[in-house]
Structure formats: C-alpha cells, structure tokens
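Notes for the one structure printed next.
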Amino acid sequence: GVGTHRTLSDEDLRSAAQSGEIEQLMDWKPVKASDFFYLKAGTVHAIGAGVTLIEVQQNADITYRLYDYGRPRELHLDDGVKVADARPFPAELQRHVERDADQLLVDGPKFSLQLCGAGLGGVSDRAPLWIVPLSGTVKLDGDEAGPGDCLYTEDMHHIHASSDARMLVAWESA
C-alpha cells in the first residue's frame, strides 16, 4: 500500500488509523519483481502479505507506526500524524526497472541508489557504500554476500563481485 486513495486531513488519518478504516483507504498496488517505488519521507505506506522487498532509506532511527492490524505493538499516532503524507502517491515515482541495465534509481537530497552489475557502473567513489546483492555474490574483505544480505564498506576498491552479480548500491548524497 502506497499513499491513500484521497488526501486525508490529520483528523481523518487519526480516525482511520484508530478504526482500522486505513486499510481500505490505502492505495494497494499490484506488484511484481523489479517494480520500483521511490517514497519520500513521511509517505504513508504498508507492506502487504506475501510481498518481499528491499527498503533503502535515509539513515535515521525514526519509524512511526499508525496502525498494526490488531497486533499489540506500540503505535505512534501523535508523532506519526504530524509528519504523515496521507495523499495519493505520484505515479511518476513508480516504475518497473530492467534488472540487466545499470541505472541510477535515486539521486535524492539524502542518498543515491544505483542498480548495477559486477563492474559497478555508475557507482560513486564516495564512501561509505551500502551494497545489497540481488543475484550472484559479492565479496568484501573476506566476507561473501548474496541475495538477502547487505554489505557496508568505506572503500569501493575492496568490492569483488561475481560476473553474474546484480546489486543495489547506496551512498550518501553530497
């Protein structure tokens, strides 16, 4: 679920979160492998059942939970409603990417995100780098990572990827 079907006021969002109506107000999108969504900070979103995804975000230690499907976890309604962007999600921030093509996915104010292969095409030499293998293997200072893993390095010259490797690489923007 990304965004809401209509723009919600703070009062509407709070009420929908408390009543559970927020589930119906979310814009639930069908997804498939290689779909890409760029959510700006504060975008109201939820991960549906059976969806596996990679979420890359600015290095911040803040998450506000508005609703939790009846689970007994802490909610953060006051703080969450203050910063939530509860409106329809802009179509231009959603696309399907070709996994075989090196491409810059995000060139944002806080971080950049590159999809690339073993040659690290388009990756900044700025450190630090976060690497998420999508296929193949990536070796870094003796550690080997594959799909489902994440690596961190301060020196891109220590990265050695298998010829079939495809990966997401993120770095802080200038």
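The values are calculated or read from the model by the stated rules, or taken from the named source; none is laboratory data. All values derive from a computational prediction rather than experimental measurement. Note: ideal-geometry Cβ built from the backbone for every residue, glycine included; neighbour counts use all protein chains shown. All accessible areas refer to the heavy atoms of the entire protein, side chains included, with ligands and DNA or RNA removed. Shrake-Rupley method; radii C 1.70, N 1.55, O 1.52, S 1.80 Å.
For this structure, a couple of remarks:
- Meets criteria (polar (S, T, N, Q), within 29 Å of residue 130 (Cα to Cα) and either open to solvent by 60 Å² or more (accessible area, probe 1.4 Å) or at pLDDT below 95 (or both)) for residue 58: yes
- Count - residues of the stretch 144-157 that are exposed (fewer than 13 other Cβ atoms within 10 Å of the Cβ) and either among the polar types (S, T, N, Q) or touching a strand residue (DSSP E or B) at 6+ places or on another chain (Cβ under 7 Å) (or both): 1
- Screening the stretch 12-55 for residues that are open to solvent by less than 40 Å² (accessible area, probe 1.4 Å) and within 16 Å of the chain's Cα centre (by Cα) and picking the one that is nearest to residue 170 (Cα to Cα) gives 36.
- Screening residue 128 against (1) open to solvent by less than 40 Å² (accessible area, probe 1.4 Å); (2) within 17 Å of the chain's Cα centre (by Cα) leaves a single unmet condition, (2).
- Taking the listed residues 104, 120, the one that is open to solvent by 40 Å² or more (accessible area, probe 1.4 Å) and either among the aromatic types (Phe, Trp, Tyr) or farther than 24 Å from residue 1 by Cβ (or both) is 104, with no other qualifying.
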